[in-house]
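Right, one structure below, let's go through it.
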Amino acid sequence: MSFTFEQYRRSADYILDRLGGFAPKIAMILGSGLGELGDTVENPIVIPYGDIPHFRASTAPGHKGQFVFGTLEGKSVAVMQGRMHHYEGYSYEEVSYAVRVLRLLGCETLIVTNAAGCVRTDWQAGELMLITDHIKMFSESPLRGENIPEFGVRFPDASKLYTPALREVAKEVAREQGITLREGVYFYCYGPQYETPAEIRAARILGGDAVGMSTAPEVIVAAHCGMQVLGFTLLSNMAAGILDQPLSEQEVLDAGRAARAQFSGLVRGCLARM
Ligand code: HPA
């Protein structure tokens, strides 16, 4: 199935109607256990995804499934508390649907966050990583199908998906706040099963520093329609096979809770400078 430009437009028009003149400039997609930042938005206007024409529900743990529009650090933001994933049964087009709607609302920048497994054995679970690039070459593109020229070109450049200038801002903010901010490549895996130890060794050889089940589809679509992107990963656990213990969803959510203050400070610091 392919969405048409008119469908994206209809979703955006519905939201614009409810916003009554509020115009978000910075969009944020908050991942597993990291959604609380959305609860601190000032003068919030909450819109559940289920209210919006053509939107899909978010069923993942720690994902509320709603937009919060309002102000954070003096910036007008559109926060997605929860995202859609391919493993929930959605196509990549459905997974990234909201990004194009956010663009139509006027958002020029996308901040994405996620929890992921740490592939690097010289890093530690609980640390934060600035995403410098990603690898998503073993699954189809969210741009597959007829191109919608209103959003972008057929063959978009992907050499700087994660905006270099925003990465510099993030590094500076991390330095000021005394946060260890790793820099690395996000290796996309379908899920929902966690990876096998052999897959993690393969990811490491191929240049991945963290493995996760989200983010890359949305970022491809955001860059396609001309948005700047800033991406953060919470390394919620050591990836499969590194420690002799099973991976669990609880561990991921607990890590999100533990990193909440640091993570919020980092994102807020970046917002303040954008
Ligand atoms: N693998 C994939 N996705 C994840 C992981 C992981 O180890 N941790 C949190 N999300």
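The values are calculated or read from the model by the stated rules, or taken from the named source; none is laboratory data. A quick note: this is a predicted structure, and the numbers were derived from the prediction, not measured. Note: ideal-geometry Cβ built from the backbone for every residue, glycine included; neighbour counts use all protein chains shown. Side chains included, ligands, DNA and RNA excluded: accessible areas come from the protein's heavy atoms. Shrake-Rupley method; radii C 1.70, N 1.55, O 1.52, S 1.80 Å.
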Note on the stretch 31-59: residues part of a helix (DSSP H, G or I) and open to solvent by 50 Å² or more (accessible area, probe 1.4 Å) are GLU36, ASP39, THR40, GLY50, ASP51
If ARG175 satisfies all but one of (1) over 28 Å from SER58 (Cβ atoms); (2) in a helix (DSSP H, G or I); (3) in contact (Cβ under 8 Å) with a residue 40 or more places away in the chain, what's the number of the condition it fails?
(3)
Being at positive phi and either away from the ligand (no atom under 16 Å from the Cβ) or hydrophobic (A, V, I, L, M, F, W, C) (or both) is the filter here, so list the residues in the stretch 80-95 that pass it.
GLY89
Of the residues in the stretch 195-213, those that are open to solvent by less than 10 Å² (accessible area, probe 1.4 Å) and out of contact with any Leu (no Cβ under 7 Å at 6 or more places or on another chain) number 5
Does ALA223 fit the bill of being buried (at least 16 other Cβ atoms within 10 Å of the Cβ) and modelled with pLDDT of 95 or more?
yes
Which condition number in (1) away from the ligand (no atom under 16 Å from the Cβ); (2) modelled with pLDDT under 95; (3) surrounded by 13 or more Cβ atoms within 10 Å (Cβ to Cβ) is the one that LYS160 fails?
(2)
Quick check on MET28: is it under 14 Å from the mean Cα position of the chain (by Cα), modelled with pLDDT of 95 or more and surrounded by 20 or more Cβ atoms within 10 Å (Cβ to Cβ)?
yes
Odd one out for VAL185, checked against (1) away from the ligand (no atom under 13 Å from the Cβ); (2) more than 17 Å from the chain's Cα centre (by Cα):
(2)
So which residues in the stretch 96-133 are more than 23 Å from LYS75 (Cα to Cα), within 16 Å of the ligand (Cβ to nearest atom) and buried (at least 23 other Cβ atoms within 10 Å of the Cβ)?
ALA115, ALA116, GLY117, CYS118, VAL119, MET129
Scan the stretch 205-229 and report the pairs whose first residue is charged (D, E, K, R) and whose second residue is open to solvent by 10 Å² or more (accessible area, probe 1.4 Å) and in a strand (DSSP E or B), with Cβ atoms within less than 9 Å and a gap of 6+ or a chain change.
ASP209/THR132; ASP209/ARG182; ASP209/GLU183; ASP209/VAL185; ASP209/PHE187
